[in-house]
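Colleague: Could you have a look at this structure, given as structure tokens, before my questions?
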Amino acid sequence: MKKNVPKKYPLGNRTSPTLDTWKRLYKAVRIFYERRPWEDLLNEDLFAVIGPVSGQTGYCCVMGDGGMEYGMQVYMGDNGLRIFHKTITGEMGPGEMLQELRCIGVLFNSKNFLDARDLAPIKKLLVPFKGNSRPQFRSYNPGYIPWYISDDEAQFLAYCLEQAVIVADEVADNCDFVVNEGPGGKILFRISEISEGIFQWKSQYRTLTIPDDPIIPQYEADEFSVAVLARKPVEKGTFWEVDCIPMPAPIMDTEPPRLPRVFVCVESKVGLALGHEIFTVDQDHVKLTGDKILDFLKGQEQKPSEIHFCKPYFVECLSPFLKTIGVKPKLVDKLAILAEFEEGMNQHLSKSMHAEKNRKPFGESIL
């Protein structure tokens, strides 16, 4: 009989919203939904809210102008702003985004899309949501699947929803009202001050500066291995493709469950995968990538003339090591051979997850 293994909580003690917090949040989200701010704000009309208690900054994106999804995402701090910018410019795909993103948000859905934990506070408070107006709140943390919001997050999200209504009213009343002018221009901030024990909100414009990517240390290999690999002959005209691919299937041993990545290395002659390894958010994927490349090179009689990457930071971090051993690192737009591997992996995982879900009791999701 399979034992129940206690869950680990890598994000610390995330306190669920209190009843008072739920009341305030549901009041704010009902007003937001009834106001339909997406009729006046575009998805790219990003504005900022500074929390009156925490002092944290959230960059708010009202969704719905495309008629597909309705709600709001709040991208938290510098990380959230950086990932939002990479997403809208196409620098980052959905899978990679989930590995890096820090935000909180709400989407409006029908009852069928909400689980028991989503519906519990609605039932307890007897909130009269109908049709596709039921809110589903989620917290996004780098390397984890979207999860239920905490009390602190719910309080901050309520402030953001309230300010979104005010900003939408400003835009509706004044066609020249500026929400943001893009990177380097100004962006609207909503900030609060306490007056006679009450938060008073006001608008302020600041420069929208996209934060730089975090600095990743260059990979360093031991001197003996470098010397051995430098003497290996080069197999001319060959190359390897290397990447770390987000996996769609979570690892369920933590709460929230972790989203793993898989390191993959394929060679160009016959498209053979030299190897792969799964790792999670608590592991340094750049160092792991360097270590695996080192191991694979040691196991080959010849080394490739080039190793191709599609992520700039891999080239930046691994170039000194690769150039020292006589292998050229190359940044490419697409890893064609590896893309076939990724497609096959996703199809296999999709079938496995579907079969696993069908074996579970009704209503119990694979997640």
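The values are calculated or read from the model by the stated rules, or taken from the named source; none is laboratory data. Note that the structure is predicted; figures quoted are calculated from it, not measured. Here the Cβ positions follow ideal geometry from the backbone for every residue, glycine too, while neighbour counts run over all protein chains shown.
Colleague: Considering only residues that are touching a strand residue (DSSP E or B) at 6+ places or on another chain (Cβ under 6 Å) and modelled with pLDDT under 90, look in region 204-249 and name the one that is farthest from Lys330 (Cα to Cα).
Modeller: The extreme case among them is Met247.
Colleague: Could you tell me which numbered condition Ile88 fails, if it satisfies all but one of (1) within 30 Å of Asp282 (Cβ to Cβ); (2) over 22 Å from the mean Cα position of the chain (by Cα)?
Modeller: In the conditions (1) within 30 Å of Asp282 (Cβ to Cβ); (2) over 22 Å from the mean Cα position of the chain (by Cα), Ile88 misses (2) alone.
Colleague: Being surrounded by fewer than 17 Cβ atoms within 10 Å (Cβ to Cβ), under 14 Å from the mean Cα position of the chain (by Cα) and charged (D, E, K, R) is the filter here; which residues of region 57-85 pass it?
Modeller: Correct list: Asp78 only.
Colleague: A further question on this structure: Quick test of your reading of the structure: Val178 fulfils all but one of (1) out of contact with any Gly (no Cβ under 8 Å at 6 or more places or on another chain); (2) within 20 Å of Phe32 (Cα to Cα); (3) of a type in the set (Val, Ile, Thr). Name the failing condition by number.
Modeller: (2)
Colleague: Could you list all residues from region 258-296 that are outside any strand (DSSP E or B), touching a Phe, Trp or Tyr at 6+ places or on another chain (Cβ under 9 Å) and aliphatic (A, V, I, L, M)?
Modeller: Step one: of region 258-296, the residues outside any strand (DSSP E or B) are 259-260, 268-272, 280-296.
Now restrict to residues that are touching a Phe, Trp or Tyr at 6+ places or on another chain (Cβ under 9 Å): 259-260, 268, 271, 281, 285-294, 296.
Those that are outside any strand (DSSP E or B), touching a Phe, Trp or Tyr at 6+ places or on another chain (Cβ under 9 Å) and aliphatic (A, V, I, L, M): Leu259, Val281, Val286, Leu288, Ile293, Leu294.
Colleague: When you go through Val281, Val266, Val332 one by one, which is the residue that is within 26 Å of Pro142 (Cβ to Cβ) and crowded, with 16+ Cβ neighbours inside 10 Å? So that I can check it myself, show each step before the final result.
Modeller: Values: Val266 fails: within 26 Å of Pro142 (Cβ to Cβ); Val332 fails: crowded, with 16+ Cβ neighbours inside 10 Å.
When all the criteria are applied, what remains is Val281.
Colleague: Could you list all residues from region 108-128 that are in contact (Cβ under 8 Å) with a residue 40 or more places away in the chain and either outside any loop (DSSP other than H, G, I, E, B) or buried (at least 16 other Cβ atoms within 10 Å of the Cβ) (or both)?
Modeller: If the condition is that a residue be in contact (Cβ under 8 Å) with a residue 40 or more places away in the chain and either outside any loop (DSSP other than H, G, I, E, B) or buried (at least 16 other Cβ atoms within 10 Å of the Cβ) (or both), then Phe108, Ala116, Pro121, Ile122, Lys124, Leu125, Val127 are the ones that fit.
Colleague: Could you go through region 42-52 and let me know if any residue there is crowded, with 21+ Cβ neighbours inside 10 Å and more than 21 Å from the chain's Cα centre (by Cα).
Modeller: So far as region 42-52 goes, no, none of its residues is crowded, with 21+ Cβ neighbours inside 10 Å and more than 21 Å from the chain's Cα centre (by Cα).
Results for (1) at pLDDT below 95; (2) of a type in the set (Val, Ile, Thr); (3) part of a helix (DSSP H, G or I); (4) not assigned by TED's automatic domain parsing to the domain that holds Trp38, shown as yes or no for each residue.
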{"residue": "Ile149", "(1), (2), (3), (4)": "no, yes, no, no"}
{"residue": "Phe156", "(1), (2), (3), (4)": "no, no, yes, no"}
{"residue": "Tyr159", "(1), (2), (3), (4)": "no, no, yes, no"}
{"residue": "Gln163", "(1), (2), (3), (4)": "no, no, yes, no"}
{"residue": "Ala168", "(1), (2), (3), (4)": "no, no, yes, no"}
{"residue": "Ala172", "(1), (2), (3), (4)": "no, no, yes, no"}
{"residue": "Pro183", "(1), (2), (3), (4)": "yes, no, no, no"}
{"residue": "Arg190", "(1), (2), (3), (4)": "no, no, no, no"}
{"residue": "Glu193", "(1), (2), (3), (4)": "yes, no, no, no"}
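Colleague: Next question, about the same structure. I'd like the full set of residues that are touching a Cys at 6+ places or on another chain (Cβ under 9 Å) and without any contact (Cβ under 8 Å) to a residue 12 or more places away in the chain, limited to region 204-219.
Modeller: Narrowing region 204-219 to residues touching a Cys at 6+ places or on another chain (Cβ under 9 Å): 216-219.
Within region 204-219, none qualify.
Colleague: Scan region 233-245 and report the pairs whose first residue is at negative phi and whose second residue is of a type in the set (Phe, Trp, Tyr), with Cβ atoms within less than 7 Å and a gap of 6+ or a chain change.
Modeller: From residues that are at negative phi, the pairs are Val242/Phe309; Asp243/Phe309; Cys244/Phe263.
Colleague: Can you pull out the residues in region 220-234 that are crowded, with 16+ Cβ neighbours inside 10 Å and under 39 Å from the mean Cα position of the chain (by Cα)? Walk me through it before giving the result.
Modeller: At the first step, the residues of region 220-234 found to be crowded, with 16+ Cβ neighbours inside 10 Å are 221, 229, 232.
Within region 220-234, Ala221, Leu229 meet the criteria.
Colleague: For Ala230, state whether it is among the small types (Gly, Ala, Ser) and more than 28 Å from Thr15 (Cα to Cα). I'd like the intermediate steps shown before the answer.
Modeller: Values: among the small types (Gly, Ala, Ser): yes; more than 28 Å from Thr15 (Cα to Cα): yes.
So Ala230 fits the description; yes.
Colleague: If I filter region 244-253 down to residues being of a type outside the set (A, V, I, L, M, F, W, C) and either in contact with a Phe, Trp or Tyr (Cβ under 7 Å, 6 or more places away or on another chain) or outside any strand (DSSP E or B) (or both), which single residue comes out as farthest from Tyr313 (Cα to Cα)?
Modeller: Within region 244-253, the subset of a type outside the set (A, V, I, L, M, F, W, C) is 246, 248, 250, 253.
In the following step, the residues that additionally are either in contact with a Phe, Trp or Tyr (Cβ under 7 Å, 6 or more places away or on another chain) or outside any strand (DSSP E or B) (or both) were identified as 248, 250, 253.
Working: Pro248: 23, Pro250: 25, Asp253: 30 Å.
By that ranking, first place goes to Asp253.
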